[in-house]
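*Asks:* Below you will find the structure I want to go over with you.
The values are calculated or read from the model by the stated rules, or taken from the named source; none is laboratory data. Small disclaimer: the values here were computed from a predicted structure and weren't measured. Every residue, glycine as well, gets a Cβ built from its backbone with ideal geometry; the counts of neighbours run over all protein chains shown. SASA here: full protein model, heavy atoms, side chains in, ligands and nucleic acids out. Shrake-Rupley method; radii C 1.70, N 1.55, O 1.52, S 1.80 Å.
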Amino acid sequence: MSQKKVEILKVILIINIINRLIMRRILFILLLFASCEGNTNSVTNTAISYQAQVEKLQPDSLLSGIQDKIYNAFVQSLMTKEDTKLLELSNRLKELNETEQQQKIILYWRSYLQFYCSIYYLQNEDKKKAEKVIDQGIEWLDKMKNKNSEDYALLAMLQSFGIQFKGMRAMFISDEIKKNAKLAIANDSTNLRAYYVYGSNDFYTPVKYGGGKEVEECLLKAISLPTQKVKNEFLPSWGKEESYELLIRYYIENEKWDLAKRYFQEAIKEYPESYTVNQLAAKLLEK
C-alpha cells in the first residue's frame, strides 16, 4: 500500500474517532434533560433548487468539484497540521461570494467548509476556534431566506456537530436539529441527505427520549435514493456512504446479523475503499 494511501486511512480513522467521541458527549448531555417536541409544521416550499442556480456556472468555476476540494483541503491540513489549505479555500469562496450572483449555493459550500474546519480545530485541541467556525456556518444557513432541502439538511448536520459545545443549551438545539431535518424532507422527499441527517439524529437520541424509532426507516430510504438526481459536480453528493455505515451499525447493535451482513455487502460493493464501512467487518465475523 502506498504511503499516501496509508496517510489518508489514518486521517479517516481520526475523523471516525472524533465523531464517536462527539456522539458520546452528546448522549451524555441529552441524558441530563428530557427532550421537548419542536415545531414541525409543514413548510411552504418557495425555495429554488440549486440545480437551477448552477446552470450558468462555468466549467472552470471554483465550485466545480467543490465537495472534493473541501475534503482534500481538510486531509492536507490534517496531514501537515496547518490550516493553510482550509483558509485559502475559505478566502476564495468568500471572494467568489462577493462577485457571483449564485450566492446561495456559494454560501452552502462555505458553510460545508466550516464543518471540516471545525473538525480540524477540534482535532488540534482548539475547542474555542472549533466552536467559532461551526457557529459561523450555522449562522449563515440559519439566516438564509427561502432555504431549500439541501440547506436544511446541512444546517441540521452542522447543528448536530456543534451541539457538543453548548452545554445546558443542548436540549433546545436537539429540538432544532429534528425540526430542520423534517423541513429538509418536507422540501424534497427525494433528498437522501435529508433522510440521513434525520436518521442520524434518531440513532443518537436515547431510546428513553424517543430515539431509535425512525432510524431504520430513514436510513433505508436514504440508501434507496441516488446521491444526486442529475450528476453535477457543483452540487452535494455526500450522505449515502454515511447512511450505509450507520444502518449497519444499527443492525449490529440490535443483533440483526442477517440484515447487517446484507447491507454490509451492498455497501462494500458500492464503496469498496470505505474505511468506515470496512472496519465493521470484524464485528460481523462468525455471526
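*Asks:* May I ask you to say which residue of 138, 163, 173 is of a type in the set (Val, Ile, Thr), open to solvent by less than 50 Å² (accessible area, probe 1.4 Å), more than 17 Å from residue 108 (Cα to Cα) and under 15 Å from the mean Cα position of the chain (by Cα)?
*Replies:* Matching residue, one of 138, 163, 173: 163.
*Asks:* Still on this model: Name the single residue that is most open to solvent (accessible area, probe 1.4 Å) among those in the stretch 115-135 being acidic (Asp, Glu) and free of Cβ contacts under 8 Å to residues at least 24 places away in the same chain.
*Replies:* Among those residues, the one meeting the criterion is 125.
*Asks:* Do we find that residue 87 is touching a residue at least 40 places away in the same chain (Cβ under 8 Å) and farther than 20 Å from residue 144 by Cβ in this structure?
*Replies:* no
*Asks:* Across the stretch 142-153, what is the total count of residues that are of a type outside the set (D, E, K, R) and under 16 Å from residue 182 (Cβ atoms)?
*Replies:* So the count comes out to 4.
*Asks:* Looking at the stretch 98-117 only, could you name the residues that are under 20 Å from residue 158 (Cα atoms) and not hydroxyl-bearing (Ser, Thr, Tyr)?
*Replies:* Residues satisfying the conditions are 103, 104, 105, 106, 107, 109, 110, 113, 114, 115, 117.
*Asks:* Regarding residue 239, is this residue under 15 Å from the mean Cα position of the chain (by Cα) and open to solvent by less than 20 Å² (accessible area, probe 1.4 Å)?
*Replies:* Considered against the rule, which asks whether it is under 15 Å from the mean Cα position of the chain (by Cα) and open to solvent by less than 20 Å² (accessible area, probe 1.4 Å), residue 239 comes out as yes.
*Asks:* Go through the stretch 230-252 residue by residue and tally those that are charged (D, E, K, R) and modelled with pLDDT under 95.
*Replies:* 2
*Asks:* Restricting attention to helices (runs of 4 or more DSSP H) lying wholly within the stretch 206-287, give those where 1 or more residues are closer than 25 Å to residue 181 by Cα and among the β-branched types (Val, Ile, Thr).
*Replies:* Counting at least 1 such residues, we get 215-224, 240-253, 275-278.
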